[in-house]
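Each reported figure results from applying straightforward, stated rules to the coordinates on display, with no laboratory input. These figures come from a predicted structure and were not determined experimentally. Reconstructed Cβ throughout: ideal geometry from the backbone, glycine too, with neighbour counts over all protein chains shown.
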Amino acid sequence: MLWVVSSLLHRVRQRQDWLFSLLAGIATLISATLFALTQHVSWFTGIYWAVVTVTTVGYGDVVPKNTSGRILAIVTMLVIIPLVGAIFADWAAKATSIHIRRILGMRTTSGTSQHLVILGYTPLIPHLLPDLLETHSAIILVADIDPNQIPDQERMQFIAGDPTNPHVLAKANLEHARQIVIVGDSDGDVLMTAIEAQHVVPDGPILAITHAAKAVAALQSIGVEGIATQDLMGELITQSLATPHAAELLQSLLNSERTQLEEVTVPRQWVGMKLSAVRAQPDTLVLGVVQRGQFNLGLPEDPLLTDDTTVVRLVLRPSQGGAKASS
């Protein structure tokens, strides 16, 4: 719950229209309450007077009768009316922008399938995009940010909007996505986005990247796979200190042009075999298996491979022009 509240407050701070709306609503309620108290009328009448005043309708059927009421009216007109004007101006600007983008063909909608969808944004995204664009033919980024922050816009699709909004998510064609990755500035943002995405695709291939392990546990409770970057980085650093070449090994696996990690359905000839027997075969490097949604390294137990097992293995790419493998 604290994550949700924190996320809402963070969004209010980021969105000027939300901030103005919140301030105008609170100020209107305070003004209505004070009017009801000073003019000795019902609270509903106070609300009616405040709304009529801040919208500049001014029917004149309910007016302040004393000095305190007139002072309250002056403050209301000087403070709340400009806020309401700013809200309407912001809404009009957004509506105009959407209309212009539609006319110029700038509004991005997707008919793509088997694509990678990134929901949310963090400063890490620009650093990840070059590598992701090499391994995915189609990428859709859904984020409530300025499009100028996105590099390589010509090579990917960008949908501007709140990724927790179902109407925005509908444009990303989540039902046909090959993979859905959720990121955010806070774990609350990630959790809220995951809830909406999981509602659209209950059994979809969703991976949420959080900061803390507690958020991963919350994600798993709703059926979404999660990774905690803090724990992952901490474990990598710890292992690198204990085994100096552990980080070099991981980088070699990930950066080599000749090797590639892949996760595939278990080959038919391996069904019914123990993982140790599969690993004993030549030219086969199976790192582990996924059964019932959980990764199993096979240590110390030796799992039996079944029809619904997924195999995580390291494969050797064919060399290009006899080039030597690089690591």
Please give the Cα centre distance for segment 158-197 versus segment 267-316, rounded to the nearest Å.
32
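As an exercise, use a Förster radius of 25 Å and the Cβ-Cβ distance of Thr265 and Leu299 to find the FRET efficiency, rounded to the nearest 0.05.
Values: r = 22 Å, r/R0 = 0.90.
Plugging the Cβ-Cβ distance into 1/(1 + (r/R0)^6) gives 0.65.
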Under a point spin-label approximation (7 Å from Cα along Cα-to-Cβ), what is the Val201-His176 distance to one decimal in nm?
1.2
Tell me the label-point distance for the pair Ser42, Glu248, using the 7 Å Cα-to-Cβ offset, in nm and rounded to one decimal.
8.1
Determine, from the Cβ-Cβ distance of Trp18 and Arg292 and an R0 of 41 Å, the FRET efficiency 1/(1 + (r/R0)^6), rounded to the nearest 0.05.
0.45
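Among rounded, prolate and oblate, which fits segment 116-231 when a ≥ b ≥ c are the square roots of the eigenvalues of its C-alpha gyration tensor, a/c under 1.5 means rounded, and a/b larger than b/c means prolate?
On the way: a/c = 1.58, a/b = 1.31, b/c = 1.20.
Since a/c reaches 1.5 and a/b is larger than b/c, the shape of segment 116-231 is classed as prolate.
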Sequence gap at least 6, Cα distance under 8 Å: using those rules, report the relative contact order of segment 116-231 to the nearest whole percent.
23
Asp61 and Glu134 label points (each 7 Å along its Cα→Cβ direction) are spaced in nm at 7.1
The answer for Leu207, listing residues at least 5 apart or on another chain whose modeled amide H is closer than 5 Å to its amide H, is Ile180, Val181, Ile182
